[in-house]
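Quick notes on the structure that follows.
The values are calculated or read from the model by the stated rules, or taken from the named source; none is laboratory data. Here the structure is a predicted model, which means the values were calculated and not measured. In this analysis, Cβ positions are derived from the backbone assuming ideal geometry, glycine residues included, and neighbour counts consider all displayed protein chains.
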Amino acid sequence: TEAYIGAMEEGKSLNAFITETPEKAREMAKASDAKLAEGKGGAMEGLPIGMKDLFCTKGVLTSAGSHILDGFEPEYESTVSQNLWDAGAVMLGKLNLDEFAMGSANITSYYGNVENPWRREGGGNQKLVPGGSSGGSAAAVSGRLAIAATGTDTGGSIRQPASFCGIVGMKPTYGRCSRWGIVAFASSLDQAGPITRNVKDAALMLGAMAGHDPKDSTSANLAVPDFEAALTGDIRGMKIGIPKEYRMDGMPEEIDALWKRGAEMLKDAGAEIVDISLPHTKYALPTYYIIAPAEASSNLARYDGVRYGLRETGDSLIEMYENTRAAGFGDEVKRRVLIGTYVLSAGYYDAYYLKAQKVRALLKKDFDDAYGQVDAILTPTAPSAAFAIGENQDDPIKMYLNDVFTVPASLVGLPGISVPVGLSGDGLPLGLQLLGKPFDEETVLKVGHVLE
Ligand code: GLN
């Protein structure tokens with residue numbers, strides 16, 4: 001823990017942490033020492049980790065990367081963070097993220113951009129984005145400022161930053177980890193998961209995070225398997241699907257080559273590679289960017305200046321609401337609230353929101369059909385390597401395209417992992433994504449382990 005507290009100090013320029021809690025870390029580490037000395041201790045006893053600042057932590061600022069939560073210190077602990085403390089993990093601090101987890105580059109945080117620890121070969125000191133929204137988590141783990149970190153993934157926010165930072169990120173099945181105490185973005189999509197250096201750590205940490213929670217009505221009442229036991233390395237006879245619709249026009253050659261290499265690796269290990277079709281793939285991104293903002297506009301209605309954080313003044317109650325929300329939310333959050341309110345409005349509900357829900361059902365059917373033939377699906381995680389801070393910034397649509405490979409599984413609630421498999425031409429990490437059947441994280445981890 002001392003070593004990581006030192007690394008956290010030295011790595012300040014990455015801006016990965018919003019709040020550092022070294023004293024709390026030392027206290028927790030001491031308690032872990034005492035437990036271990038008695039031969040007791042949980043699965044993560046004494047392991048120093050970072051918490052995405054979207055998880056409520058009792059008595060510690062929980063900002064969601066937003067100005068509107070200024071000074072918000074929850075009186076309760078999220079279920080996932082509590083599960084991790086119960087397993088013995090030590091909290092180093094709260095990690096930076098895109099505001100309310102909306103973004104793909106960690107450039108929308110009120111607390112500033114996060115820097116990717118990687119640099120392009122020959123790119124001098126040009127700073128790159130870590131991906132998003134769990135950019136602080138990915139940068140901290142990649143930069144060795146924490147052994148592991150929590151992330152949340154609504155449309156790719158664990159998997160895409162893991163790919164950009166050369167580490168492992170896993171989004172479990174919707175319902176595997178409790179959402180209780182996680183600041184809500186899009187409730188039918190939000191899911192917590194581990195961001196780690198390797199698949200074994202992901203298995204260990206997911207085991208500690210997961211479990212049924214009566215406080216979240218969508219939490220699955222299923223036993224948590226021994227995920228580490230799944231890492232046998234034996235994938236002989238398994239069928240791995242390659243969906244043709246993910247081979248998109250304009251996909252960079254190096255991403256296609258990486259994908260082929262991944263398929264070869266699995267084939268060499270004894271798996272069978274099967275060409276499959278997920279016909280509604282091209283509708284996933286527009287569907288996501290209707291459903292996620294719709295749910296966000298409803299979830300973010302609670303930030304009115306009365307109950308939490310920031311409060312601006314005004315001549316009337318309505319003016320106080322307006323001034324608080326105008327000052328407290330950043331541009332991307334406002335854009336999502338506007339889109340969400342529009343697609344839910346009486347005149348447009350059928351044309352947008354209802355239609356999107358129907359497409360979501362079709363996407364689910366695509367995956368159901370595919371899983372009749374295969375055990376897991378292999379795709380690229382993102383259409384590019386990390387880009388420079390500032391790039392893609394004034395074009396939201398371009399930014400949204402980052403999520404093209406990750407959102408389908410989010411809309412269907414499937415488990416997925418991103419594993420670093422190769423490097424781009426200019427030496428940046430590239431990840432591949434493995435998707436599994438609902439609640440079959442074991443297969444995802446098992447195959448992912450063979451890929452690393
Ligand atoms: N990049 C996507 C978005 O901006 C996904 C975010 C997430 O998964 N939290 O909505």
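Of all the listed residues (Gly250, Gly262), the sole one being in a loop (DSSP other than H, G, I, E, B) and not basic (Lys, Arg) is Gly250. In the set Asp331, Asp366, only one residue is over 20 Å from Ile68 (Cβ atoms) and out of contact with any helix residue (DSSP H, G or I) (no Cβ under 6 Å at 6 or more places or on another chain); that residue is Asp366. Taking the conditions exactly as written (touching a strand residue (DSSP E or B) at 6+ places or on another chain (Cβ under 6 Å) and either part of a helix (DSSP H, G or I) or within 16 Å of the ligand (Cβ to nearest atom) (or both)), does Gly136 satisfy them or not? It is true that Gly136 is touching a strand residue (DSSP E or B) at 6+ places or on another chain (Cβ under 6 Å) and either part of a helix (DSSP H, G or I) or within 16 Å of the ligand (Cβ to nearest atom) (or both).
Considering only residues in segment 261-310 that are charged (D, E, K, R) and in contact with a helix residue (DSSP H, G or I) (Cβ under 8 Å, 6 or more places away or on another chain), the one that is surrounded by the fewest Cβ atoms within 10 Å (Cβ to Cβ) turns out to be Asp275.
Restricting segment 181-204 to residues that are of a type outside the set (Gly, Ala, Ser), within 14 Å of the chain's Cα centre (by Cα) and assigned to a loop (DSSP other than H, G, I, E, B), which is surrounded by the fewest Cβ atoms within 10 Å (Cβ to Cβ)? Restricting to residues being of a type outside the set (Gly, Ala, Ser), within 14 Å of the chain's Cα centre (by Cα) and assigned to a loop (DSSP other than H, G, I, E, B), the top hit is Leu189.
State yes or no: is Arg360 at pLDDT 95 or above, surrounded by fewer than 19 Cβ atoms within 10 Å (Cβ to Cβ), in a helix (DSSP H, G or I) and within 16 Å of the ligand (Cβ to nearest atom)? The answer is no for Arg360. A single member of Asn299, Asn323 is of a type in the set (S, T, N, Q) and within 24 Å of the chain's Cα centre (by Cα), and it is Asn299. Considering segment 11-31, the residues that are among the charged types (D, E, K, R) and free of Cβ contacts under 8 Å to residues at least 24 places away in the same chain include one that is surrounded by the fewest Cβ atoms within 10 Å (Cβ to Cβ), namely Glu23. Regarding segment 378-389, can at least one residue be identified that is modelled with pLDDT of 95 or more, assigned to a helix (DSSP H, G or I) and not β-branched (Val, Ile, Thr)? The answer is no; no qualifying residue exists.
Among the residues of segment 32-66, those identified as buried (at least 16 other Cβ atoms within 10 Å of the Cβ) and either acidic (Asp, Glu) or not in a loop (DSSP other than H, G, I, E, B) (or both) are Ser32, Glu45, Pro48, Ile49, Gly50, Met51, Lys52, Asp53, Phe55, Thr57, Val60. Here Phe439, Phe405 are screened, and the one residue that is within 15 Å of the ligand (Cβ to nearest atom), modelled with pLDDT of 95 or more and not in a helix (DSSP H, G or I) is Phe405. The condition (being within 16 Å of the ligand (Cβ to nearest atom), surrounded by fewer than 20 Cβ atoms within 10 Å (Cβ to Cβ) and farther than 17 Å from Ala230 by Cα) is satisfied by just one residue among Gln433, Gln373, Gln393: Gln393. Filtering segment 411-421 for residues that are in contact with an Asp or Glu (Cβ under 9 Å, 6 or more places away or on another chain), assigned to a helix (DSSP H, G or I) and within 17 Å of Thr173 (Cα to Cα) leaves a non-empty set. Of all residue pairs spaced 6 or more apart or on separate chains, those with beta-carbon atoms under 6 Å, a first member in segment 273-296 that is modelled with pLDDT of 95 or more and a second member that is within 12 Å of the ligand (Cβ to nearest atom) and among the charged types (D, E, K, R) are Pro293/Arg336; Ala296/Arg336.
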